[in-house]
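Here's the structure, in structure tokens; my notes come after.
The values are calculated or read from the model by the stated rules, or taken from the named source; none is laboratory data. On a predicted model such as this, the values are computed, not experimentally measured, just so you know. Reconstructed Cβ throughout: ideal geometry from the backbone, glycine too, with neighbour counts over all protein chains shown. Surface areas here come from the heavy atoms of the whole protein model, side chains and all, with no ligands, DNA or RNA. Shrake-Rupley method; radii C 1.70, N 1.55, O 1.52, S 1.80 Å.
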Amino acid sequence: MFKIRTSKYRHVYCDAPKMEACHTGFRLSTVTGDQQYVKASSKYFAVALFGGGGLVYVGRHDRPGRFVNGHTPILQGHKGSVLDFEWNPFDDSMLATASEDTTIKIWSIPEEWEPFDKSGKSKKGTDISESMVDLVGHMKKVNLLRYHPSASNVLASTSSDNTVKVWDVEAGQEMSTFEGMQDLCQDLVWDYKGDNYATSCRDKAVRFVDARAAKVSNKIAQAHDGIKGVKVVYMGESGKVLTTGHSRASGREVKIWDLKNLDKPLEVSKIDTAAGVLMPLYDADTNVIYLCGKGDGNIRTCEFEDKKPYFHRLGDGFRSTTALKGVCLVPKRGLDIMSCESARLLKVTNESGIQPLSFYVPRKSDAFQTDIFPNTASSEPAHTCEEWWSGSSKGPELETLNPNKRGGAQNGGKKKLLSVGTLSASLKKAEARIKYLEGRLDASGISYDKK
């Protein structure tokens, strides 16, 4: 399948997690689709639960435990099932949720959020039921969400109404709508700078869309011949795109395309003949690809190089007999860097809950390893939503992963969005205070402007 070569990541390994490190006890939502079923920030992760009202469990990476229905605090507020979620890359506590009720809600997870104590036991707490912002505009259920990689508060969404909308989250307004798809969208991804996004569709086409103008700038007419879902990944700033899908003979395959010439792929790698959709997770810092198949137990690892043969196999990846339902990457800022944890995947299973799969590069030194941990995407945006919409084109800001050189508190100093309920409560408190002060002035016979 892939060529093997000398690489600093060649011996990367992942051991099966211990049960006490897993998040268990919840009954997962039964909705199906093209989503990943789990998303993570560097501090939290979210997964949809079974039940009415769009139930979502928000867990902390550092507090695994067993979920207790009716006791462990959750997030709820939609009128239909939640289909996808997305964490703001510049605020680890801001979560967007997409639902069957056609709406998108933006939530803020409180700093004191703690579903489990240090021993892994459920803690009774207050559910989160009030969103900060509601984005309304889609005519049918919203299936996928993707935050902009470098601009603050820019969110893309796709729906069963066959449109892609780009939103200004802070203003709560729609910025552009793409209506050029003829069928259901299966994947939605931003390019490195966020000037364009790519969509894969049931009509087998991959469209590259100018995000501001909402017009197709390029297109792969038929990325894969099979009928299964197609996934898309921009390979950083290389000008290459990776797609996964099935061949006409129902074999799973990976293709590399050059954005300058999409007439035919640069490389086609056959994987196997399994039926599950391949979900590629790409670490742009290390160029390592994690190939995860729905229903698979194993996760393959390979390294991308911008020249033939493009793919190089890295060891045995992760082997298991437990089927995968969904998976996501944890941002680098949430890893144990000094233990040489190069990546962490959250694996959703039907039987064993959510398993954290930590991939390590074996090193003997206890010092920070600069060669395997290059600078990564920062928690600070490169530009604002307004600047991006006006034509600003920037990749993500970068920061070091060296603990001795990194700043202290993350997300400090950022503008916080407030919910309508919070603002209303603050207004009522202010009005009551004003009324009290006016009463004191009247009692003292002091005149003032009552307008």
Computed Rg/Rh for the stretch 349-392 (Cα atoms; Rh = Kirkwood radius) stands at 1.23
Other residues with Cβ under 10 Å from the Cβ of residue 233 give, with Lys and Arg +1 and Asp and Glu -1, a net charge of +1
Bounding extents of the stretch 89-203 in its principal axis frame from Cα atoms, largest first in Å, are 50, 29, 27
Given backbone amide H placed at 1.01 Å from N, residues whose amide H is under 5 Å from that of residue 116, ignoring those fewer than 5 places away on the same chain, are 123
With bins of 5 Å, the percent of all Cα-Cα pairs of the stretch 45-109 per bin from 0 is 4, 17, 30, 24, 18, 7, 1
For the stretch 224-383, the Cα convex hull volume per residue in Å³ comes to 145 Å³
For the stretch 175-291, the Cα gyration tensor yields equivalent-ellipsoid semi-axes (√(5λ), largest first, whole Å) of 22, 17, 12
The helix 420-443 Cα axis meets the longest alpha-carbon principal axis of the chain at an angle in degrees, between 0 and 90 and rounded to 10, of 20 degrees
Reduced to Cα centres, the span from the stretch 71-121 to the stretch 219-289 in Å works out to 31 Å
Among beta bridges assigned by DSSP with both residues in the chain, the antiparallel ones amount in percent, to the nearest 5, to 95 percent
For the stretch 66-154, one quarter of the surface area of the C-alpha convex hull, expressed in nm², comes to 6.6 nm²
Heavy-atom accessible area per residue of the chain, all protein chains kept, 1.4 Å probe, expressed in Å², is 45 Å²
Kirkwood Rh for the stretch 233-319 from C-alpha pairs, in Å, is 13.3 Å
When the charge dipole of the stretch 330-404 is computed with +1 at the Cβ of Lys and Arg and -1 at the Cβ of Asp and Glu, the Cα pointing farthest to the positive end, of 378, 388, 340, is that of 340
Share of accessible surface on carbon and sulfur in the chain, whole %, 1.4 Å probe and ligands ignored, is 48 percent
Of all stretches in the chain that avoid chymotrypsin sites (Phe, Trp or Tyr not before Pro) placed in a DSSP loop and having at most 15 other Cβ atoms within 10 Å, the longest is 51-447
One point scatterer per Cα, no solvent, Debye formula: log10 I(q)/I(0) for the stretch 76-118 at q = 0.14, 0.19, 0.25 Å⁻¹ comes out as -0.38, -0.64, -0.89
In Å³ per residue, the alpha-carbon convex hull of the stretch 194-243 encloses 73 Å³
Binned at 10 Å starting from 0, the alpha-carbon pair-distance distribution of the chain in whole percents comes out as 4, 20, 31, 27, 12, 4, 2, 1, 0, 0
